[in-house]
Amino acid sequence: MTMIHNGVETKLSGVQCTPLLSFLQQGDTDVAVHSPCGGKKSCGKCKIRILSGECDEPTAKELSFLTSAEIASGVRLACFAQVLGDVTAEIPSEAAQVLTAVSKGGRLSPLAKRCVVRMEEPSLADQRDDWTRLKDALAMPEAECTPALLAKLPKALRDGSFVATVTMVGRNVVVDIQACESDAPLYGLAVDIGTTTVVMALINLQTGAVVDMENGLNRQKSFGGDVISRIQHALENEGGGAALQSAIVNQLNDFAAVLCARNGLQTEVIHAITLVGNTVMTHLLLGLPTAEIAKAPFIPVCNETMKAPAGMLGLRLHPDAVAVVAGGVSAYVGGDVTAGMLSSGMAQSDELSLFIDIGTNGEIALGSRAAMVSCSTAAGPAFEGGHIRCGTGGVTGAINSVRIVDGKPVFTTIGEKPPIGLCGSGVLDVTAALLDAGILDETGYLETDDEIDDVAVYPITEDVYFSAKDVREIQLAKAAVRAGIDTLLHELNANEEDVQNVYLAGGFGNYMDKDSAVRIGLIPSVLRDKIVPIGNAAGSGAIQLLLDDAAQLELQGLRAKITYFELSANPFFQGAYVEQMMFPEEL
């Protein structure tokens, strides 16, 4: 069988009489198809197009997920389709609208650094060993190295007449030594591993410049669109955890190779890598079990920042490159949130600030220099287009804004391409527009004469619509986030008016319309003019951790300052959640 994705052909073997998605989940290939439900045959998103060859006949349930145009063009669902012979299939291109804009901190004391040292030559009066001589020149008696470095030390020192260029990782580990002065390049990588997308930045560690970036949809998407689906895959399938780990490690290696090739570098020049992600993503990267995260009382293996040789994680960089994985606070407030909070500077401010990162979970933090509280709300994937009948990710063709003008929908799409579905910002906009038009009331009742399968719908295009069931998904999601905000304000004995800054992190926060967010009640109206989109805050935090070795200590202090509140048994949250199910009356 041949799979075509973004014009690249991949030959697959051993697929016959097996649902194609099951084969792709085995980790033997880097070809991945978007499957939010993880192969449970319930989302209808794992679409492929059969170009030639024979598959089994689609079932009525499979056909119910596809439009007539898709059926006519050979579209199938990978979780249903069984290959019966030599088949060529195409995975539709997913040019994602991935948020890559990042900023970096002002200090430059990177995890890997290079310096020139000049030493007195040995003599009968000065018989220090070579390693001691080097440590003395570095003024670093606690310096460490490997036997392999010691083996090359005598020649390097004498070839350079005891002038050498030393490369170090961390605070005291010497990993390389070159004779004489060297201007060889020194680079690092900063990575944000999101559940949906992965962003990698190539950084010049000598200047602090962001040289280049690579991004794409997380290849673990074939195992499920959310962290629970991926945990379930790891638990229910032999080798499932290893397949998930392999998918992300291979993706990181591929990204690093692409960045280096594009900039005329070898991957061996990468001496340090920092990685941030939610707790499940980092556990899967590290090969740690995730079973206890998915059930009460939701306990991770470790919340601390982890530091290890990059090679131990399977990353193909410099042989002695160091990897730092940012620590989080709880099972559902991970290192991506703490890194984002670090980059926002809210922990060093006297002003009360609200930090919100809305994805499948809504991670929220509130506080200042004095005290900080946090929580995670089970918002579901609605704001990422998930669990929405015509929902899609932020890919080319996704409807990303909607207005109703003279009773008719007016919309835009990502890349100005033909509409394929509603992404998160589009879902938010259409909800707000329906409320303003009086088609949707504060209870969530959708007043329309159009129905599909006995469910009221508001048509946006011939094939894209917004249904009453979608409205309920939005109500559940926005109520969870807003009740989380209310709960944290309650815990700090603060009012909405006390908040001076509302930092919105991540892609949804960056692209959403502020007025739409306030209109549906996601953000309190009094905070509308205090909203500050801060882009890929997690990625900015990863860069800060890479370029400033003191940032690790700052992150440790920030983590220690945060009090986490588990909302599943919080009575205040339960009451606020019910109250926030209603949409606001006209503002």
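Rule-based calculations on the coordinates, nothing more; no lab input. Note that the structure is predicted; figures quoted are calculated from it, not measured. Cβ coordinates were reconstructed from backbone atoms using ideal geometry, including for glycine residues, and neighbour counts include every protein chain displayed.
Overview of values
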| read-out | value |
| --- | --- |
| The stretch 231-389: antiparallel DSSP beta bridges as a percent of all, rounded to 5 | 80 percent |
| Semi-axes of the equivalent ellipsoid for the chain, Cα gyration tensor, largest first, Å | 46, 31, 19 |
| Estimated vicinal HN-Hα couplings, Hz - the stretch 166-174 in sequence order (Karplus 6.51, -1.76, 1.60; Gly, Pro = x) | 10, 10, 10, 10, x, 8, 8, 9, 7 |
| Loop-exposed trypsin sites (Lys or Arg not before Pro) per DSSP, neighbour cap 15 Cβ within 10 angstrom, longest uninterrupted part of the chain | 370-587 |
| Whether the stretch 344-587 is rounded, prolate or oblate, judged on the alpha carbon gyration tensor where a/c under 1.5 counts as rounded | prolate |
| Calculated [θ] (222 nm, deg cm²/dmol) that DSSP helices of n ≥ 4 give over the chain, each run adding -39,500 (n - 2.57) | -8500 deg cm²/dmol |
| 14 Å Cα-Cα reach of Lys47 towards aspartates and glutamates, excluding residues that sit fewer than 8 places from it in its own chain | Glu62, Glu70, Glu90, Glu94 |
| Prolate/oblate/rounded label for the stretch 123-275 (Cα gyration tensor, a/c 1.5) | prolate |
| DSSP beta bridge pairing in the stretch 344-587, given as percent antiparallel to the nearest 5 | 65 percent |
| From the C-alpha gyration tensor of the stretch 222-335, square roots of 5λ in Å | 27, 16, 11 |
| Stretch in the chain that is longest and holds no GluC sites (Glu not before Pro) that DSSP places in a loop and that have at most 15 other beta carbons within 10 Å | 463-565 |
| Alpha-carbon Rg/Rh ratio, for the stretch 387-474, with Rh computed the Kirkwood way | 0.93 |
| Within straight-line cross-link reach of Lys45, lysines at Cα separation under 24 Å, skipping those fewer than 8 residues along the same chain | Lys11, Lys61, Lys221, Lys417, Lys469, Lys478 |
| Amide H contacts under 5 Å for Cys55, placed H, 5+ residues apart | Leu84 |
| DSSP-defined beta bridges in the chain - what % are antiparallel, rounded to 5 | 70 percent |
